[in-house]
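The structure appears below as structure tokens.
The values are calculated or read from the model by the stated rules, or taken from the named source; none is laboratory data. Bear in mind that the values here come from a model prediction, so they are computed numbers and not experimental data. Note: ideal-geometry Cβ built from the backbone for every residue, glycine included; neighbour counts use all protein chains shown.
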Amino acid sequence: MTFIKKEASPEDFVQAVDRAVIEFEANTLFQKIKKGDLTLRNYHGFLKMIFHQTVYAGPTFAVAGKNCRTEYPLISEYLSEHAEEEKDHWQWVLEDLKSTGYQGVLPDQEFPPFACQNYISFNVFLANELPIARLGTAALLENAGGRNGKKFAQILASQLKLEKNQLKFLFGHGDTDIKHSAQIFDVLKRSEISSKDWAWLCYAASTASILYKNMLDEVAK
């Protein structure tokens with residue numbers, strides 16, 4: 001997919017996020033869950049895939065907050081607050097792996113899978129080069145998580161015979177992602193954002209959809 005640099009509006013961003021979420025939801029892992037074909041191996045693969053993403057979520061939000069231009073004080077403040085909130089979520093991933101009997105090498109002892117590394121690298125790039133667009137990737141993930149996290153956590157609990165405390169990451173994000181999605185759109189709405197920066201936000205959401213879909217496609221193999 002090729003993205004053409006152009007100006008954009010708040011309405012364009014809302015539409016871009018909506019499209020990105022729909023495209024993301026076509027990932028192979030979601031389709032496998034819907035068919036009832038998911039295995040415990042797939043679930044462990046999902047947790048191992050997202051571990052490093054959760055590790056770097058807080059730091060990239062923090063860097064973006066520090067690098068945010070002075071004309072965006074509300075966005076800078078929100079990025080810093082979000083970094084603090086996200087900083088320990090990687091622990092939920094390890095707890096879910098251990099509580100479901102995973103016996104292999106834990107992800108904190110491994111390098112990130114290539115698909116996850118691509119997503120992390122994109123967020124590092126945004127945090128340093130165009131910090132406001134870090135909220136574009138966040139909008140995609142929080143929106144998709146709010147729509148699917150809790151629903152799929154309940155399905156997995158049923159399919160894999162798991163307890164809620166064995167799905168801490170998914171259940172923990174089910175409600176918070178809805179709240180975070182609303183916060184992101186609110187802080188962007190209250191900021192005077194240039195048309196070029198709206199275009200970057202659109203680009204970030206669309207790119208995040210592709211990169212995160214690649215992560216979940218890999219898990220489903």
Is it the case that segment 152-161 has a residue that's buried (at least 16 other Cβ atoms within 10 Å of the Cβ), within 16 Å of the chain's Cα centre (by Cα) and within 17 Å of ALA205 (Cα to Cα)? no
Can you work out which of the residues in segment 20-50 that are among the small types (Gly, Ala, Ser) and not in a helix (DSSP H, G or I) is surrounded by the most Cβ atoms within 10 Å (Cβ to Cβ)? ALA26
Exactly one of ASP18, ASP12 is farther than 16 Å from LEU156 by Cα and in contact with a Cys (Cβ under 7 Å, 6 or more places away or on another chain), and that one is ASP12
Filter segment 205-220 for residues that are hydrophobic (A, V, I, L, M, F, W, C) and part of a helix (DSSP H, G or I); which is surrounded by the fewest Cβ atoms within 10 Å (Cβ to Cβ)? ILE210
Can you find, within segment 77-126, the residue that is nearest to LYS221 (Cα to Cα) among those that are in contact with a Leu (Cβ under 7 Å, 6 or more places away or on another chain) and aromatic (Phe, Trp, Tyr)? TYR119
What single numbered condition from (1) surrounded by 14 or more Cβ atoms within 10 Å (Cβ to Cβ); (2) out of contact with any Cys (no Cβ under 9 Å at 6 or more places or on another chain); (3) not hydroxyl-bearing (Ser, Thr, Tyr) fails to hold for GLU7? (1)
Among residues of segment 51-75, those that are in a helix (DSSP H, G or I), polar (S, T, N, Q) and over 20 Å from the mean Cα position of the chain (by Cα), counted: 1
Considering only segment 83-105, how many residues are loosely packed, with under 14 Cβ neighbours inside 10 Å and not in a helix (DSSP H, G or I)? 5
Name the residue, out of CYS68, CYS116, that is surrounded by 14 or more Cβ atoms within 10 Å (Cβ to Cβ), within 21 Å of CYS202 (Cβ to Cβ) and of a type outside the set (Val, Ile, Thr). CYS68
Those residues that are buried (at least 22 other Cβ atoms within 10 Å of the Cβ) and over 14 Å from PRO131 (Cβ atoms), I need them from segment 185-198; list them, please. TRP198
Residue check: is GLU163 of a type in the set (Asp, Glu), in contact with a Ser or Thr (Cβ under 9 Å, 6 or more places away or on another chain) and more than 30 Å from LYS66 (Cβ to Cβ)? yes
Residues of segment 162-182 being surrounded by fewer than 16 Cβ atoms within 10 Å (Cβ to Cβ) and either assigned to a helix (DSSP H, G or I) or at pLDDT below 90 (or both), which ones? LYS164, ASN165, ASP175, LYS179, ALA182
Subset tally (residues that are farther than 23 Å from ALA153 by Cβ and of a type in the set (Phe, Trp, Tyr)) for segment 93-120: 2
